[in-house]
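The values are calculated or read from the model by the stated rules, or taken from the named source; none is laboratory data. From a predicted model like this one, the values you see are computed outputs, not experimental measurements. Neighbour counts are summed over all protein chains in view; Cβ atoms, including those assigned to glycine, are modelled from backbone coordinates with ideal geometry.
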Amino acid sequence: MSIFQAIIIAIVEGITEFLPVSSTGHMIITSSLMGISGDDFTKIFEIAIQLGAILSVVVLYWKKFFDFAKWQFYVKLFIAVIPALLLGKLFSDKIDELLESPTTVAIALLLGGVVLLYIDRVFKNPVVSEEKEISYGKAFIIGIWQCVAMIPGVSRSASSIIGGMQQKLTRTLAAEFSFYLAVPTMLAATVYKLFLKGYPAAGGEIKGYEIVFGNAANTTAFIIGNVVAFIVAILAIKFFIGYLQKHGFKLFGIYRIIVGVILLIMIYAGYL
């Protein structure tokens, strides 16, 4: 992976991570188009690049994350991330297989787009407008919804926001709680890819961090990619919250449908 390719993927990650359009799906398609989707470093990079996006949430919502007097907030995040930790561990290999399938991404984008067209009509009359009103039970159910995003193309942001709205959160609060939940979820996924998962190598296997930091080019791409993702994600979050308050999800649904159809055509024509 070149520095240019790393920057392109990082921009895609930063823009799409917190929008309901599937960052993983977009990165898979981007790396496929650039011809770098098969190697282990790219697979690790597409997960580890989320570190920059995680930091953007912590910086933007630092008062929330560092208000240690309100310990219930941390308990809610812990409860909400449990389903993803369990299912992610159980189905890690299957998820990795799906990550290599542009067809899965295209179909998930298309179907998810149809859902977003009607989501504002389905979940009307929200009653939960502040984070302190989210119960532990609601947090757990939102965490279960988030697990749907283990299918590439579904979108972690979309599934957890829909889960929040199904639990009567306002769409703005549902989006913000989705951001909060992204921190432990993506941190866990990154730690797993870097330090726990083994990758085949001559004479045995190596860990992800050895692939990243055992090669100067990979290390440079990793650092630059995370810096770019951090900057772009901050801008994307600010845009998304402002847009969501005024317009809802319809535009994102239309975008997903268009992209899904285009991808299916490209796959059928042999370009992907």
(request) Would you confirm whether any residue within segment 79-86 is over 14 Å from the mean Cα position of the chain (by Cα), at pLDDT 90 or above, more than 24 Å from Gln146 (Cα to Cα) and of a type outside the set (Val, Ile, Thr)? (result) no
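Of the residues Ala6, Ala48, which is more than 30 Å from Lys132 (Cα to Cα), modelled with pLDDT of 90 or more, out of contact with any Pro (no Cβ under 7 Å at 6 or more places or on another chain) and buried (at least 16 other Cβ atoms within 10 Å of the Cβ)? Spell out how you get there, then give the answer.
Working: Ala48 fails: modelled with pLDDT of 90 or more.
When all the criteria are applied, what remains is Ala6.
Residues are listed down the side, and each one gets a yes or a no for (1) hydroxyl-bearing (Ser, Thr, Tyr); (2) surrounded by fewer than 16 Cβ atoms within 10 Å (Cβ to Cβ); (3) in contact with a strand residue (DSSP E or B) (Cβ under 7 Å, 6 or more places away or on another chain); (4) under 23 Å from Cys147 (Cα atoms):
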{"residue": "Ala10", "(1), (2), (3), (4)": "no, no, no, no"}
{"residue": "Pro20", "(1), (2), (3), (4)": "no, no, no, yes"}
{"residue": "Ser23", "(1), (2), (3), (4)": "yes, no, no, yes"}
{"residue": "His26", "(1), (2), (3), (4)": "no, no, no, yes"}
{"residue": "Ser32", "(1), (2), (3), (4)": "yes, no, no, no"}
{"residue": "Ala53", "(1), (2), (3), (4)": "no, no, no, yes"}
{"residue": "Lys76", "(1), (2), (3), (4)": "no, no, no, yes"}
{"residue": "Thr104", "(1), (2), (3), (4)": "yes, no, no, yes"}
(request) Could you run through segment 50-80 and say how many residues are under 30 Å from Ile7 (Cβ atoms) and among the β-branched types (Val, Ile, Thr)? (result) 4
(message) Out of the residues in segment 55-74 meeting the condition of being within 16 Å of the chain's Cα centre (by Cα) and not polar (S, T, N, Q), tell me which one is surrounded by the most Cβ atoms within 10 Å (Cβ to Cβ).
(response) Val57
(request) Give the residues of segment 107-141 that are surrounded by 15 or more Cβ atoms within 10 Å (Cβ to Cβ) and either over 30 Å from Val261 (Cα atoms) or not hydrophobic (A, V, I, L, M, F, W, C) (or both), sorted by residue number. (result) Gly112, Gly113, Asp120, Pro126, Val128, Glu131, Ile134, Lys138, Ala139, Phe140, Ile141
